[in-house]
1. Check whether at least one residue in segment 267-277 is at pLDDT below 90, farther than 26 Å from LYS195 by Cα and exposed (fewer than 15 other Cβ atoms within 10 Å of the Cβ), and report yes or no.
2. Collect the residues in segment 123-165 that are under 26 Å from the mean Cα position of the chain (by Cα), in a strand (DSSP E or B) and surrounded by 15 or more Cβ atoms within 10 Å (Cβ to Cβ), keeping them in residue-number order.
3. In this structure, does ASP315 turn out to be touching a residue at least 24 places away in the same chain (Cβ under 8 Å) and either within 30 Å of MET196 (Cα to Cα) or surrounded by 21 or more Cβ atoms within 10 Å (Cβ to Cβ) (or both)?
4. Condition first: surrounded by fewer than 17 Cβ atoms within 10 Å (Cβ to Cβ) and either in contact with a strand residue (DSSP E or B) (Cβ under 7 Å, 6 or more places away or on another chain) or at positive phi (or both). Now tell me which residues in segment 182-204 satisfy that.
5. Take the conditions crowded, with 18+ Cβ neighbours inside 10 Å, modelled with pLDDT under 95 and among the acidic types (Asp, Glu) and apply them to GLU219. Does it pass?
6. Take segment 255-288 and flag every residue that is without any contact (Cβ under 8 Å) to a residue 24 or more places away in the chain and of a type in the set (S, T, N, Q).
7. In this structure, does LEU189 turn out to be among the aliphatic types (A, V, I, L, M) and modelled with pLDDT of 95 or more?
8. Before we move on, is LYS249 touching a Cys at 6+ places or on another chain (Cβ under 9 Å) and either modelled with pLDDT of 90 or more or not in a strand (DSSP E or B) (or both)?
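The values are calculated or read from the model by the stated rules, or taken from the named source; none is laboratory data. Given the structure is predicted, the values throughout are model-derived calculations rather than measurements. As a convention, Cβ positions derive from the backbone with ideal geometry for all residues, glycine included, and neighbour counts pool all protein chains shown.
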Amino acid sequence: MGEEKSTNYWWDSVPGERSWVEITDRTDIGADLKCPQMNKAGKTDHSYSLINLIWPGDIVFHYSTPVGGFVGASVAGGPVEQRPIVWTPHSVSARSIKKHDKPVPGWWLPVYGYLPLIHPLELKSLQNPKDDPWIRQWTVQMQATVVGPVEAPFQCRTDGLRAAQGYLAKMPSAFVRRWTSLSDLADELAPVQEKMDRLGEVFTPGKTTGAAVLKLKSEGDYLVAIKAGTQKRTRTHERIVRIAAEWLKAHNADPTTPHPVDLQITAPKKVIFEVKPIEGRGSLFAVREAVGQLFEYRYFQGPQDAMLCVLLDGDPGVMLVEYLEESLGIGICWLNGAEMIGGPKTSEQLSCLMQASKAAAHAG
């Protein structure tokens, strides 16, 4: 486990990088992810260790070596477990498989919602005058600019492109966006991703678990400094941010997204927005989660005099609006199509932006 903690990966600080690649010849693709903890030389292998960095809700694309291309995608669950597995190396012939059926210490991760591609995206189809040079240029640029391993999904060899060696690789978001068949799969898996994303609040990647264990903390006094850490954001989340940013720009504000803050403006008023989708979780849970983050962001990151505002993708109801505005002194906004609506007091505080009256802001 020391390898994951000491290595700096280029995607660590990029919330949108949420995809991986399983490269395998297994016949039960989409059932789970599993690999040995050590290679046949008894040493850690980077392509195995990457399994410990996969967050619940991340997309896993599956590359079949017999097919020679991407055949589907699924959504990672969690947590990673240590369990014995039967592992057959790619280099082992069919006649020798029985010699490798003894279980070895392994890592196992559940995946959900597997969707197959009707027409696999084969590697040979990417070796054309547009895609091949693009893949090579991306790889060269990354190798020259990032610190640490790139873990690209392809090998750029003189005799043509090949799938990366090893079991797991990183799937850059640029690759997903480039090929519609991959981005369409990711879009279809968005509902599953939203559900699995909540596991990330409980299980932190990088820590494997076996049987359930009761761990009691020291009863001595201690101090804790809470700092905003890495967040994994879903497609629904990013859609809300985009729509809100477009609305703010149209109303003479200059929105920014300073990580880890979802959305922020400094003029004509300082406001920190925390975005939460409510589908599948409900408004109360979304608000409860957002409130704590907002206070942390203002305290640790600032600006200290910024207004705090929860931003949802649907009307939270009168009770929650009153709770936030009257009891907590926090603003509340939500999307109505392409419009951003505010509660009565929020609309007053953001009168420079909000054009809806109190009654229109929360009719009924």
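1. Among the residues of segment 267-277, at least one is at pLDDT below 90, farther than 26 Å from LYS195 by Cα and exposed (fewer than 15 other Cβ atoms within 10 Å of the Cβ), which makes the answer yes.
2. Result: PHE154, ALA163.
3. So ASP315 fits the description; yes.
4. Residue satisfying the conditions is GLU188 alone.
5. Answer is no for this residue.
6. Correct list: THR256, THR257.
7. When the stated conditions are applied, LEU189 does not pass them.
8. no
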